[in-house]
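Beneath this line is the structure, given in structure tokens, with notes to follow.
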Amino acid sequence: MQDRLVWLLQRFDLRASTFQSGALHCDAAFEAEEGKGHLHLLRAGAVELKCHHNQQALRFHQPTLFFFINPEAHSLRPLGEGTSMVCASFEFGLSEGNPLLHALPEMVAVKIADVPLLGLTLKQLFAEATDRHCGGQAILDRLCEVTLILLLRDLMDQKRLEVGLLAGLAHPRLARAINAMHADPAKDWTLEKLASVAGMSRARFAIHFKNIVGKTPGLYLAEWRVGLTQSLLLKGKPINVIADEVGYSSASALSRAFTAQRGVSPSRWLKSKDPSRPKLTKLKI
């Protein structure tokens, strides 16, 4: 089976930062910070979760993993003594650019017992959270990243989502076409070529892709290319080089596509992310 996450993980950096590991004694509030999600692991006890956009609180009374892949203001309240948690914030590329960030519900919660795949990783993670050896912070951060990747794998393998990118990657044939776009965005992909990669007829592929992924193959490819452009801009690549890498004939053609999707030009978007950045330049060839 193809690695369905390899290109997402290569193109968009996943970085976690653990800030809570142990007993939770009092209420904790989390602001919605641009580009950051949150992962919470309830190891023992019980906790109440309240999202600021929703007045209805959720209560968890057994070991549970719940996370927000996008920024979301929320709060946690321990219910009684003995509540132990590991909490981390994480970044996974750009909120506008990484298609995975638009492919999940606002909050995902699963009982840890329902995901045996996490067993060894969480055992090590909880041991590090308890023992606090040297280098423990770095190990906890890496283990939280591994936990997120394993959870994404479980969501696909168990087909827990019916619509969206992960649902598409869970479909054996659609996954081939999605992986092909991820791996080679510069290729002149047509509906016929993608259908051939998927081993489906043109009409059947188009219908299945729209119904399962939630958008047409052409729109998905266009959004993937612009998302990659954002990631590469932040890494300092000239717009001419990016255009060639993501499948546009010129920097101006890429700029028009970027502006159509994001509402601003690449240079203005880049400046908004860090006002101290130099002006976007073109590579002279």
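A full extension of the chain between residue 196 and residue 271 corresponds to an added length of 22.9 nm, given 0.36 nm per residue minus the alpha carbon distance.
Using a cutoff of 8 angstrom between alpha carbon atoms and counting only pairs six or more residues apart, the relative contact order for the chain works out to 16 percent. Here, the chain yields an orientationally averaged convex hull projection of 17.0 nm² when only Cα atoms define the hull. Computing Rg and the Kirkwood Rh from the Cα coordinates of region 6-157 gives a ratio, Rg/Rh, of 0.94.
Computing FRET efficiency as 1/(1 + (r/R0)^6) for residue 10 and residue 109, where r is the C-beta to C-beta distance and R0 is 35 Å, gives about 0.80.
Helical runs (DSSP H, four residues minimum) scored at -39500 (n - 2.57) apiece and divided by the length of the chain put the mean residue ellipticity at 222 nm at -13500 deg cm²/dmol.
Highest mobility in the GNM of the chain, judged by mean-square fluctuation with C-alpha springs under 10 Å and restricted to 270, 148, 100, is found for 270.
Would you list the membrane-span-like helices of the chain, meaning whole DSSP H runs whose alpha-carbon atoms span at least 27 Å along their axis and whose mean Kyte-Doolittle value is at least 0.5? Span-like helices in the chain: 136-157.
Checking the a/c ratio against 1.5 first, then a/b against b/c, what shape does the Cα gyration tensor give for region 171-273? Since a/c reaches 1.5 and a/b is larger than b/c, the shape of region 171-273 is classed as prolate. Each peptide in 61-74, 128-141 receives the mean, over its residues, of other Cβ atoms within 10 Å, and ordering these scores from highest gives 61-74, 128-141. Projected label points at residue 235 and residue 3, each 7 Å from Cα along the beta carbon direction, are separated by 1.5 nanometres. Of the residues 195, 257, 29, the one that moves most in a GNM of the chain with alpha-carbon contacts below 10 Å is 29.
Bear in mind that the values in this text are calculations on the coordinates, not laboratory data. As the structure is a computational prediction, the values presented were derived from the model and not from experiment. Positions of Cβ are generated from backbone atoms using ideal geometry, with glycine treated the same way; all protein chains shown enter the neighbour counts.
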